[in-house]
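Colleague: Mind having a look at this structure? Questions to follow.
The values are calculated or read from the model by the stated rules, or taken from the named source; none is laboratory data. Everything numeric here is computed off the predicted structure, so don't read it as measured data. Neighbour counts run over all protein chains shown; Cβ positions are idealised from the backbone, glycine included.
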Amino acid sequence: MPDLVLSEELIMNNNQYESFIKTTIMMNAKIQDAINAQINAELWSAYLYLSMSADFAAKGYPGFANWMLVQFKEEQDHAMKFLNYVIQRDGVVELKPIEKVQKSWKSALDAYKDTLAHENIVTGLINNLFKIATEENDFATQSFLKWYIDEQVEEEENAQNLIDALKLIGDNGYGLYMLDKELAARVYVPLATTTSTAAAV
Ligand code: OFO
């Protein structure tokens with residue numbers, strides 16, 4: 001039987017091996033910047049929904065206020081999931097200022113129309129991130145982003161369903177009261193956002 005001969009091209013010296021490991025773990029600067037911008041966008045989303053929650057609460061809609069408060073917490077989870085991913089990939093987290101948000105909406109329908117319009121923008125940002133990860137051959141980030149791509153489908157669907165319901169209800173006070181009662185039942189379920197390293201300590 002002939003001896004197994006390894007091609008020299010397949011044998012890495014130590015330096016090549018170390019740099020191979022580094023590039024495997026570390027994300028490049030372009031992806032790191034895009035994810036840091038996305039952390040800011042997720043926190044801005046949280047801010048937007050917190051403002052809507054406060055506005056609903058002040059106007060006597062505890063159910064809508066609860067729904068938005070759950071949304072606020074979920075957006076914080078989205079930001080934390082990205083933040084922990086940057087750490088896991090040996091990157092640097094950069095937290096930028098969160099811009100001011102609107103403080104009052106004319107009606108529940110207006111608030112949910114703004115919610116859908118905002119989620120459409122976020123979907124575009126996530127898709128763009130995936131495009132960058134594809135161009136940069138970062139397969140780990142492409143895989144990581146799959147969760148967000150699926151989540152955006154749900155986010156847009158939820159907002160659209162509430163817009164449809166509010167259009168049906170129109171000016172009917174009893175209808176609004178019943179929908180408010182229904183939305184009071186929404187419960188926040190925390191997302192597992194920690195990295196395996198963070199979870200192990
Ligand atoms: Fe993070 O999904 Fe809404 O914005």
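Colleague: When the residues of segment 121-144 are narrowed to those that are charged (D, E, K, R) and touching a helix residue (DSSP H, G or I) at 6+ places or on another chain (Cβ under 8 Å), which ends up farthest from the ligand (Cβ to nearest atom)?
Modeller: Top of the filtered list is 136.
Colleague: May I ask you to list the residues in segment 46-59 that are within 13 Å of the ligand (Cβ to nearest atom), of a type in the set (Phe, Trp, Tyr) and surrounded by 20 or more Cβ atoms within 10 Å (Cβ to Cβ)? Show your work before the answer.
Modeller: Narrowing segment 46-59 to residues within 13 Å of the ligand (Cβ to nearest atom): 46-50, 52.
Among the residues that remain, those that are also of a type in the set (Phe, Trp, Tyr) are: 47, 49.
Listed by number, the list holds a single entry, 49.
Conditions (1) in a helix (DSSP H, G or I); (2) of a type in the set (A, V, I, L, M); (3) modelled with pLDDT of 95 or more, marked per residue:
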{"position": "100", "(1), (2), (3)": "no, no, yes"}
{"position": "110", "(1), (2), (3)": "yes, no, yes"}
{"position": "113", "(1), (2), (3)": "yes, no, yes"}
{"position": "126", "(1), (2), (3)": "yes, yes, yes"}
{"position": "168", "(1), (2), (3)": "yes, yes, yes"}
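Colleague: Among the numbered criteria (1) more than 14 Å from the ligand (Cβ to nearest atom); (2) within 17 Å of the chain's Cα centre (by Cα), which single criterion is violated by residue 161?
Modeller: Here residue 161 meets the rest and fails (2).
Colleague: So, one more: Which one is surrounded by the fewest Cβ atoms within 10 Å (Cβ to Cβ), of the residues in segment 60-85 that are more than 16 Å from the ligand (Cβ to nearest atom) and assigned to a helix (DSSP H, G or I)?
Modeller: The qualifying residue surrounded by the fewest Cβ atoms within 10 Å (Cβ to Cβ) is 62.
Colleague: Kindly evaluate residue 43 against the criterion of being assigned to a helix (DSSP H, G or I), away from the ligand (no atom under 11 Å from the Cβ) and either in contact (Cβ under 8 Å) with a residue 40 or more places away in the chain or β-branched (Val, Ile, Thr) (or both). Don't jump to the end; show me each part of the working.
Modeller: On the way: assigned to a helix (DSSP H, G or I): yes; away from the ligand (no atom under 11 Å from the Cβ): no; either in contact (Cβ under 8 Å) with a residue 40 or more places away in the chain or β-branched (Val, Ile, Thr) (or both): yes.
So residue 43 does not fit the description; no.
Colleague: Next question, about the same structure. Could you tell me which residue of segment 112-140 is farthest from the chain's Cα centre (by Cα), considering only residues that are surrounded by 16 or more Cβ atoms within 10 Å (Cβ to Cβ) and hydroxyl-bearing (Ser, Thr, Tyr)?
Modeller: So the residue we want is 112.
Residues checked against (1) surrounded by 13 or more Cβ atoms within 10 Å (Cβ to Cβ); (2) of a type outside the set (S, T, N, Q); (3) modelled with pLDDT under 95; (4) closer than 21 Å to residue 58 by Cβ:
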{"position": "148", "(1), (2), (3), (4)": "yes, yes, no, no"}
{"position": "172", "(1), (2), (3), (4)": "no, no, no, no"}
{"position": "181", "(1), (2), (3), (4)": "no, yes, no, yes"}
{"position": "196", "(1), (2), (3), (4)": "no, no, yes, no"}
{"position": "199", "(1), (2), (3), (4)": "no, yes, yes, no"}
